[in-house]
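Below is one structure, written out as C-alpha cells; the observations come after it.
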Amino acid sequence: MAICLVTGGAGFIGSHLTGYLLRQGHTVRVLDNFATGKQENLNEVMSQIELIEGDIRDLGLVRRAVAGVEYVFHQAALPSVPRSIADPLAANAVNVDGTLNVLVAARDAQVRRVVFASSSSVYGDNPTLPKREDLPPQPLSPYAATKLMGEHYCRLFYQLYGLETVVLRYFNVFGPRQDPASQYAAVIPKFITKMMDRQPLTIYGDGEQSRDFTFVENVVRANALAMDAPDAAGQVFNVGCGARYTLNYMVASLQQLMNRSAQVIYMPPKPGDVKHSLASIERAGQYLGYAPQVAFEEGLRRTFAYQEW
C-alpha cells in the first residue's frame, strides 16, 4: 500500500478519488484551499486522512504536502471555461504556476509518479471525431490553454528529470457531489436542480452539440490504473466513455428519469464552447487497461438518486 497525495482532494472528483484510494488501503493526504472544494465532501473520511489546507500557488506549502509521498494525484485547478475567460490571470496562476509547483516539489521529493488531471478542452473545436491523443491541440479558452501547458510541463519533467508523469484528459465528468449552485456549474447538476425546482432550462446553441459525458467512477478508476501502469509514464490518455450524447438527448433522458417535463430556452452559443466532443479511449485501454464501468444512463440515474437533490 502506498502514501498518496490528492491535490484538490475536497473537490468533486478529488473527493471521490480520495475515498477510493482509502478503500484500497492506501494512506491519503489531501491538499485543498476550499476555493471550489467543500469540506463536507470529505466528512465521511475526515478521520482517515491527513488534511492540509492551503494553496498550490504556495511552493513551500506544496513541498510540505509532498514530503514522504509516493504518488501524487494532481486534481487541484481553477475549473471552468467561462471563469477563465473572465479572469485569465487567476486561471494561469493556479493551473500553470500551481502545477509547476507540484511538479518541482514532486521531483525534489523523489515521488514515484504524478497523475495529472487535464481536460478534453485542449482539443478545441477540431472537427475530427473521435478525439485522439495525437490530434494537434487547439485551445479555445484560457482554461484549455492552462491545461495544455500543464501537460507540457508533465512531459518535460519526465524527459528532463525522470519524474514519472501520466496525463489524463477528462471528458465532461459528472456525478454526485458536483456543485449545482456555482455560477460555473456543470450542465447535468444544474439541469437536475432546475428541473426539481420546475425552472426552465437554458441551452446555449441548438442543443445538438454533443459531449462524451463520463461518470465520475470511471475517472476515478482511470486514475487508479494510471498509478502503476508499467508503460504509461510520459504519456497522455483520454478518459471518457467513447460515446457522445446531445444536450437535447440528455434533457429528454432527465425528463424520463425524473418523470417531469422541462421548458427549454435556447440562446446563442457561448464563446469558447466546443460543438462536439468524443473520446477515443483505445490508448487508455491498451496502456492502462481502462474501460468505462458505468454507462451514461446509469450515471444519470445514480446522480439523480444522490441524497442531496
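Residues of the stretch 1-24 that are buried (at least 23 other Cβ atoms within 10 Å of the Cβ) and assigned to a strand (DSSP E or B): Cys4, Leu5, Val6, Thr7.
At least 2 residues being in contact (Cβ under 8 Å) with a residue 40 or more places away in the chain and in contact with a His (Cβ under 6 Å, 6 or more places away or on another chain) is the threshold, and among the helices (runs of 4 or more DSSP H) wholly inside the stretch 216-309 those reaching it are 216-226. Enumerate the pairs (first residue in the stretch 155-168 and free of Cβ contacts under 8 Å to residues at least 12 places away in the same chain and surrounded by 14 or more Cβ atoms within 10 Å (Cβ to Cβ); second residue anywhere and in a helix (DSSP H, G or I) and of a type in the set (S, T, N, Q)) with beta-carbon separation below 7 Å, excluding pairs fewer than 6 apart on the same chain, so at least 6 apart or on different chains. Final answer for the pair search is none. A Cβ distance below 7 Å, combined with a sequence gap of six or more or placement on separate chains, defines the contacts here; from the stretch 27-51, residues that are modelled with pLDDT of 95 or more reach residues that are part of a strand (DSSP E or B) and among the basic types (Lys, Arg) in the pairs Ile49/Arg29; Glu50/Arg29. Taking the listed residues Thr146, Thr128, Thr99, the one that is out of contact with any Leu (no Cβ under 9 Å at 6 or more places or on another chain) and either modelled with pLDDT of 95 or more or assigned to a loop (DSSP other than H, G, I, E, B) (or both) is Thr99, with no other qualifying. Checked against (1) surrounded by fewer than 17 Cβ atoms within 10 Å (Cβ to Cβ); (2) modelled with pLDDT of 95 or more; (3) in contact with a Leu (Cβ under 8 Å, 6 or more places away or on another chain), Asp134 meets all criteria but (3).
Being under 25 Å from Thr99 (Cβ atoms), touching a Ser or Thr at 6+ places or on another chain (Cβ under 9 Å) and in contact (Cβ under 8 Å) with a residue 12 or more places away in the chain is a property that holds for Phe171.
Restricting Ala106, Ala145, Ala93 to residues that are crowded, with 24+ Cβ neighbours inside 10 Å and either out of contact with any Gly (no Cβ under 8 Å at 6 or more places or on another chain) or touching a residue at least 60 places away in the same chain (Cβ under 8 Å) (or both) narrows the list to Ala106. In summary, Ala186 fulfils each of the numbered conditions (1) buried (at least 21 other Cβ atoms within 10 Å of the Cβ); (2) within 15 Å of Thr303 (Cβ to Cβ) with the single exception of condition (1).
Just give me the residues in the stretch 25-69 being among the small types (Gly, Ala, Ser), part of a loop (DSSP other than H, G, I, E, B) and more than 17 Å from Leu100 (Cα to Cα), in sequence order.
Gly25, Ala35, Gly37, Gly68
Looking at the stretch 97-141 only, could you name the residues that are among the charged types (D, E, K, R) and farther than 30 Å from His276 by Cβ?
The answer is Asp97, Arg107, Asp108, Arg112, Arg113.
Across the stretch 35-50, which residue is nearest to the chain's Cα centre (by Cα) among those that are hydrophobic (A, V, I, L, M, F, W, C) and surrounded by 16 or more Cβ atoms within 10 Å (Cβ to Cβ)? This residue is Leu42. The sole residue among Tyr184, Tyr153 that is within 24 Å of Asn126 (Cβ to Cβ) and at pLDDT below 95 is Tyr184.
I'd like the full set of residues that are touching a helix residue (DSSP H, G or I) at 6+ places or on another chain (Cβ under 6 Å), of a type in the set (A, V, I, L, M) and crowded, with 23+ Cβ neighbours inside 10 Å, limited to the stretch 71-90. Correct list: Val72, Ala77.
Among the candidates Val236, Val294, which residue alone is farther than 30 Å from Met196 by Cα and hydrophobic (A, V, I, L, M, F, W, C)? Sole residue among the options that is farther than 30 Å from Met196 by Cα and hydrophobic (A, V, I, L, M, F, W, C): Val236.
The values are calculated or read from the model by the stated rules, or taken from the named source; none is laboratory data. Quick caveat, the model's predicted, so the values are computed rather than measured. All Cβ positions, glycine included, derive from the backbone under ideal geometry; neighbour counts span all protein chains shown.
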